[in-house]
Amino acid sequence: MAQITLHVNGKARMVDSDPTTPLLYVLRDDLELHGPRFGCGLSQCGACTVIIDGNTVRSCSFPVSSAKNKQITTLEGLGTVARPHVLQRAFVEEQAAQCGYCMNGMIMTAKVLLDKNPHPGDDDIKRALEGNLCRCGSHLRVMRAIKRAASERV
Amino acid sequence: METSTISRRELLKGTGALVVSFSLFGSVSRALAQAAAGGEPEATSLDSWLAIAQDGTVTVFTSKVELGTGTETALAQIVAEELDVPFSRIHMEAGDTSKSVDQAVTAASRTIERAGPQLRQAAAVARRELLRQASERLNAPADQLTVNDGVISASGASVRKVSYSELVGDKRFNVKMEASGFGWDLKISPDVPVKNVKDYKIVGTSVPRTDLPGKFTGEFTYAQDVRLPGMLHGRVVRPPVVNSKPLNVDEGSIKQIAGVVKVVQEGNFLGVVAQTEWAAIQAAKALKVTWSTPSTTLPATPDELYAYLKDTKSFNDQVVVNRGNADSAFAQASKKYEATFRWPFQLHGMLGPSCAVADVRGDSVTVWSGTQGPFRTRKALSDMLRIPEKNIRVIFREESGCYGRLSPDDAPLDAALLSRAVGKPVRVQWTRADEHGWEPKGPAQLVTVRAGVDAQGNIVAWDYMERGFPWSESAGNPLLAGRQIGMKNVSPGQSNGTAGGGEAYEFENQRIIAALIPWSQDTPTPLRTSNLRAPGDLARTFASESLLDEIAADLHVDPVQIRLRYLKNNKRVTEVLVAATQAAKWKEHVSHSAPVSGSKAMGRGVSVSGRDGTVTAAVAEVEVDKSSGEITIKRVTLAHDCGLIVNPDGLRNQIEGNIIQGVSRTLLEEVRFDAQGVKNLDWVSYPIVTFRRVPDIQIVLLNRKEMPALGGGEPSTVPVPAAIANAVYDAIGVRMREVPMTPQKVQASLRSKAPGQRA
Ligand code: FES
Ligand code: FES
């Protein structure tokens, strides 16, 4: 076990953890965050996505020790139901989910996409989200929500 | 940047029971406490269904649960409508066995159809009682009272008003209702008059889903998020091959992993419990176990599987239609058609693998999971632990979309065995490989359809025979953990459904049979079976609608026209088919009659289906690359009639998902296995549809206000495979008779195309 300081959603958090622990379990079990979710643990689905220093990271396959001194943003860091991020608001407006389990990955990946490309076309969105699985088939709504967020962001 | 709330839990009185409050609904604790005071909920007591708090919140108690399909919102709309309160005031308290009446599992797209009326009638009884009390309070006859947003007013003189909460806020109704039947068939005071559909203001509107905002921010609590004080983490160690037993467990092999609490073995069930999730994961992986190597009778290849289906005697021939004499009509027909269709085992493939938390303390048990049937899970726990049901409380917390997988919910049983062994609450999270390998699969099916046409070109014989497996994990049979500790099956399994064999059409001589082939193992096999969304209907419809299409092409008839001809008096199906084809701008044509130049060919195909009263028709537009064999679905147009529509946008959301999942199952999905077990244990080896393969979707909703509201959660996935197969034929002139329609199969079919077939 080791004491590790993480910077999560703008706050410093100290955890006592086996350094090889995937970041996902630390965020969920130690910091009690619900945004990042366990879907596969194999980097195959995207449910566990967080943003580290501006890029998407699959936290199920990213040791907590590698997250030291980096800025970690989780879904909670974007906004709340009361004060949603423009993407979160757009997802609500488009009712862009069924079970919602994949939506952490969709929104976090979309956040990085929009940060890099504020007005993506359909193909840009599809490419960015190709590695994010949704078993419920909410894909078209997710695309509409991202386009809505892009148009509302300015 | 500010850190948002992390922990959203609060401890409610006694027993360490944890209640997660959803911020959207304000305080409901009083309503909850009020209901809890009433003891075991009885269907005949209004207080078992509804509680009105002083702040006006209406809490609805139901065992129907939200599976990501929007039913919680739709049921709340039904109650708000009948009770005349604003939608925002309804709070659904769903899936807690200590607080609800058993309305049976949430499954089969029957929630709106069956539980809708149950809750509506309860609301109507409540409204009647509130009017009665108001009539006394306001000293006015009940028929001169009007209700608006939960406030009752007497007409005539001014300011004579009383609100629901003033009448019964935080109090019990103490009103008895009629209740007959059980579960899906439970009828609640059916004679109490209800609102006229013409006056509906909430039902029929696209009220936004109440659960979604928190799912987009992390404030929502899934079963995977439930954490209890002192909770430990468990993982089950699955055998490497089917039916093997742990002969020797070397606990020393995980000594070096800090935080391991216990290795638990009971019969063939093996698991580890640890202080952290990571320790549990590592320990489960590292634990050295010597497993027995039994021989197994599992079919080892798809060919063996289909041969088993073909050659094994059925234990139940379910006869759907038997009109005239199909055999002799076929024998005498001037033209004969016959084809066999294969449908493989497929996964539900929940995006989040199964998860549950159990707290077993002596003979009292509390469990949190995403079970579709909290009462069914309670019974399974009771059978396995030999603890009376009344001592077991199952509390629903949503998991990821499950499409039937959590009807037989396994994880609570794993968690209970582990919790009992360590005397602490234990959370069990299945791995991806556990879920792919061990979830009960949608059963494989083999369908043969024969049809005969007379000299005038009429279809005079229709002989449809499906051979498929039942659900081995049907209610009453032990689940995975139960089998591993030695419990035996009590039933050969439950039917995988019978719809889709062409019963929508009228042929002079017609026989439709769905035969059930034995598939029940007392020892754990990864090819367990259960209900997968629209159980069995996709394969059955794929077969019947493909063969009908084949006949149409051979007779040079437009595929839509041949369907209309034999739908005869089936008015709703006819209207749905017409609606779909109009929206798709269908042009009358004979399939695959246009010449194809170049390597890419476009085609359109149509299919209709009906499931429990809901009717759908789909038109698929595909592009097939003849050299690569790749099928691309460009667009699917689908018309849908499920009677009265409760929430149009919610319904569209379901239909989109059904179509996309249908495309996935048609093009990509097949559980691969050999005699040892399942081979595709991750998403790379069991691919599902991703963004690049998602077609455009166009939906036509037919709203039948004169009809009851029927199910929308799964019927629209049913016509998708047949519509695709028929579109592929239209494009390239080959019949795809086996799912998944992979590029290899398309290429093989093109190569083997009979010389006589039009190219
Ligand atoms: S859980 Fe990390 S990619 Fe699936
Ligand atoms: S909404 Fe259920 S997995 Fe995407």
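Summary table below
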item	result
Alpha-carbon centroids, segment B:104-120 and segment B:126-148: separation in whole Å	29
Positive minus negative residues near B:Lys424 (Lys, Arg vs Asp, Glu; Cβ under 11 Å)	+3
Equivalent ellipsoid semi-axes, segment B:555-751, via Cα gyration tensor eigenvalues times 5, rooted, Å	28, 23, 14
Under Karplus coefficients 6.51, -1.76 and 1.60, residue-wise ³J(HN,Hα) of segment B:268-275 in Hz, glycine/proline x	8, 7, 9, x, 10, 10, 9, 6
Karplus (6.51, -1.76, 1.60) ³J(HN,Hα), θ = phi - 60°, over segment A:117-126, in Hz, Gly and Pro reported as x	9, x, 10, x, x, 3, 5, 4, 5, 4
Over chain A, relative contact order from alpha-carbon pairs under 8 Å, at least 6 apart, %	23
Phi-based couplings in Hz for segment B:216-227 (Karplus 6.51, -1.76, 1.60; Gly and Pro marked x)	8, 10, x, 7, 6, 10, 7, 3, 5, 9, 5, 10
Net charge of Cβ neighbours under 10 Å - reference B:Lys195; Lys, Arg +1; Asp, Glu -1	0
Relative contact order (percent, whole number), segment B:605-687, Cα cutoff 8 Å, 6+ residue spacing	18
Amide hydrogen neighbours beyond the local backbone of B:Arg160, cut-off 5 Å, H modeled	B:Ala154
Simple spin-label estimate for B:Glu178 and B:Lys488 in nanometres, 7 Å along Cα-Cβ	4.5
Cα-only Debye scattering, chain A: base-10 log of I(q)/I(0) at q = 0.11, 0.16, 0.20, 0.21 Å⁻¹	-0.40, -0.83, -1.23, -1.33
Net charge over other residues, Cβ less than 15 angstrom from the Cβ of B:Met177 (K, R count +1; D, E count -1)	+1
Neighbour cut-off at most 15 other Cβ (10 Å), DSSP loop, trypsin sites (Lys or Arg not before Pro), segment B:399-499	B:Lys488
Helix A:103-116 axis, angle to chain A major axis (alpha carbon atoms, nearest 10°)	80
Centre separation in Å (Cα based) which lies between segment B:588-663 and segment B:723-755	16
Rel. contact order, % - alpha carbon contacts under 8 angstrom, at least six apart, segment B:623-759	40
Segment B:648-733: projected area of the alpha-carbon convex hull, averaged over directions, in nm²	8.6
Debye equation applied to the C-alpha atoms of segment B:304-392, log10 I(q)/I(0) at 0.14, 0.18, 0.22 Å⁻¹	-0.81, -0.97, -1.12
Cleavage-rule hits (trypsin sites (Lys or Arg not before Pro)) in segment B:290-332: DSSP loop, at most 13 neighbouring Cβ within 10 angstrom	B:Lys313
For segment A:86-152: Kirkwood Rh in Å [reciprocal of mean 1/r, alpha carbons]	11.4
Residue exposure sequence - B:Thr666, A:Thr109 - by fewest surrounding Cβ within 10 Å	A:Thr109, B:Thr666
Spherically averaged projected area of segment B:112-156 from its Cα convex hull (nm²)	3.4
When segment B:652-695 is reduced to its Cα atoms, the Kirkwood hydrodynamic radius in Å	11.6
Dipole-positive endmost among B:Ala731, B:Ser135, B:Ile512 within the protein assembly as shown (Cβ charges, Cα centre)	B:Ala731
Under 5 Å, built H, 5+ apart or other chain: amide partners of B:Lys626	B:Lys600, B:Ala601
Kirkwood hydrodynamic radius over Cα pairs of the protein assembly as shown, then Stokes diffusion coefficient at 37 °C and 0.692 mPa s, in µm²/s	114
Long-range HN-HN contacts of B:Val65 with modeled amide H, under 5 Å	B:Thr106
Whole-Å semi-axes of segment B:201-339's equivalent ellipsoid (Cα gyration tensor)	49, 34, 12
Cα Rg over Rh - segment A:2-77, Kirkwood	0.91
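Any read-out appearing in this document is the output of simple, stated calculations on the displayed coordinates, not a laboratory observation. Since this is a predicted model, take the numbers as computed values, not measurements. For neighbour counting, all protein chains shown are included, and Cβ atoms are generated from backbone atoms with ideal geometry for every residue, glycine included.
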